[in-house]
Amino acid sequence: MNEQTPYGIEEEAIRFDVVEFAENPEPRCPCILLLDCSGSMGSMNGKPIQELNNGLRAFQQQLSSDDLASKRVEVTVLKFDDGVEVINEFETAENFTPHELRAGGLTSMGTAIERAINMLEQRKAVYKANGISYYRPWIFLLTDGAPTDDITNAKEAVHEGERNKQFAFFAVGIQGANMDILREISVREPVSLKGLNFTSLFQWLSNSMSSVSRSSLDAEIALESPSGWAKI
């Protein structure tokens with residue numbers, strides 16, 4: 001049996017990407033995008049999922065145009081429907097390329113949240129093994145529905161992680177989302193998206209990540225009000 005790390009991660013699963021960190025030793029600001037790609041995102045002739053894809057491209061373009069953020073912000077994308085799929089592994093914004101997302105299936109939200117938290121712990125272990133400092137990670141959830149799986153463990157994990165400042169969890173409800181369930185999961189008040197204004201949402205996220213990447217590692221950043229894309 002393989003020896004375990006304190007996080008319960010097998011040693012052989014920790015990748016020591018010496019070249020990556022040698023070429024770019026900047027502190028990392030990890031951000032996980034948890035994206036609902038269930039069947040309802042394909043409604044209205046596929047407009048929601050298409051606008052989500054447009055927003056991801058805007059996110060990539062804006063982040064990569066910021067010299068410092070492009071080297072410090074690391075993005076990973078998880079889509080959830082009947083199951084959970086890692087679309088993009090952790091990669092700096094300068095190397096991040098959004099893939100076209102398709103809609104279909106159910107809403108495995110609880111499983112996706114648990115997977116995201118586990119991935120963060122693995123990534124932190126990689127940073128520590130390579131002497132890379134990092135900012136408090138972000139998990140950013142977008143959904144237009146309600147979970148079709150059990151969220152009990154996910155909810156407890158989010159609350160514990162926030163309490164211990166292991167990450168910051170944000171939830172955005174697209175039209176049709178069950179905001180009451182999002183309030184159960186998230187410590188922060190969930191936000192409702194105005195229509196399908198994904199591009200403005202991701203521009204706000206990009207600006208926020210850029211601000212974080214320019215701060216000191218232990219600083220508390222006052223985020224801009226989500227005006228223009230959110231229902232306040």
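What is the residue count in segment 129-164 for residues that are of a type in the set (D, E, K, R), over 14 Å from the mean Cα position of the chain (by Cα) and within 27 Å of L56 (Cα to Cα)?
Total meeting the criteria: 4.
Looking at S200, S133, S215, can you tell me which residue is farther than 23 Å from S108 by Cα, surrounded by 16 or more Cβ atoms within 10 Å (Cβ to Cβ) and out of contact with any Ser or Thr (no Cβ under 9 Å at 6 or more places or on another chain)?
Of S200, S133, S215, the one residue that is farther than 23 Å from S108 by Cα, surrounded by 16 or more Cβ atoms within 10 Å (Cβ to Cβ) and out of contact with any Ser or Thr (no Cβ under 9 Å at 6 or more places or on another chain) is S200.
Quick grid of which residues meet (1) within 20 Å of S213 (Cα to Cα); (2) at pLDDT 95 or above; (3) open to solvent by 40 Å² or more (accessible area, probe 1.4 Å); (4) part of a strand (DSSP E or B):
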position	(1), (2), (3), (4)
G42	no, yes, no, no
P48	no, yes, no, no
N53	no, yes, no, no
A58	yes, yes, no, no
L68	yes, yes, yes, no
K71	yes, yes, yes, no
E74	yes, yes, no, yes
L78	no, yes, no, yes
E89	yes, no, yes, yes
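Among the residues of segment 108-128, write down those that are among the hydrophobic types (A, V, I, L, M, F, W, C) and either within 14 Å of the chain's Cα centre (by Cα) or farther than 20 Å from D218 by Cα (or both). Can you show your working first?
Our first condition is that a residue be among the hydrophobic types (A, V, I, L, M, F, W, C); within segment 108-128, this holds for 109, 112-113, 116-117, 119-120, 125-126.
Scanning segment 108-128 gives M109, A112, I113, A116, I117, M119, L120.
For the list (1) in contact (Cβ under 8 Å) with a residue 60 or more places away in the chain; (2) part of a loop (DSSP other than H, G, I, E, B); (3) at negative phi, I need the number of the one condition that G104 fails.
(3)
Against the definition (assigned to a helix (DSSP H, G or I), modelled with pLDDT under 95 and under 23 Å from D144 (Cα atoms)), how does S227 come out, yes or no? Working first, answer last.
Working: assigned to a helix (DSSP H, G or I): no; modelled with pLDDT under 95: yes; under 23 Å from D144 (Cα atoms): yes.
Judged against the criteria, S227 is not a match.
For the structure I just gave you, tell me whether F96 is aromatic (F, W, Y), closer than 16 Å to V84 by Cα and open to solvent by less than 70 Å² (accessible area, probe 1.4 Å).
no
Looking only at segment 27-40, how many residues end up being open to solvent by 10 Å² or more (accessible area, probe 1.4 Å) and touching a Leu at 6+ places or on another chain (Cβ under 8 Å)?
Total satisfying the criteria: 2.
For a quick check of your reading: which strands (runs of 3 or more DSSP E) sit entirely within segment 131-202 and have at least 3 residues that are farther than 13 Å from I113 by Cβ?
Values: elements: 138-143, 168-173, 191-193.
Here the list reads 168-173, 191-193.
So if I check each of G83, G176, G105, G110, which one is modelled with pLDDT of 95 or more, surrounded by fewer than 19 Cβ atoms within 10 Å (Cβ to Cβ) and in contact with an Asp or Glu (Cβ under 6 Å, 6 or more places away or on another chain)?
Residue meeting the stated conditions: G105.
For segment 175-184, state whether one or more residues are under 26 Å from A93 (Cβ atoms) and either in contact (Cβ under 8 Å) with a residue 60 or more places away in the chain or touching a Pro at 6+ places or on another chain (Cβ under 9 Å) (or both).
The answer is no; no qualifying residue exists.
It is to be established whether one or more residues within segment 1-16 are farther than 19 Å from T111 by Cβ and modelled with pLDDT of 50 or more.
Within segment 1-16, none of the residues are farther than 19 Å from T111 by Cβ and modelled with pLDDT of 50 or more.
The values are calculated or read from the model by the stated rules, or taken from the named source; none is laboratory data. Being a predicted model, the structure only gives us computed values, none of them experimental. Please note: Cβ atoms are built from the backbone with ideal geometry, for glycine as well, and neighbour counts cover all protein chains shown. Please note that ligands, DNA and RNA were not included when accessible areas were found on the heavy atoms of the full protein model with its side chains. Shrake-Rupley method; radii C 1.70, N 1.55, O 1.52, S 1.80 Å.
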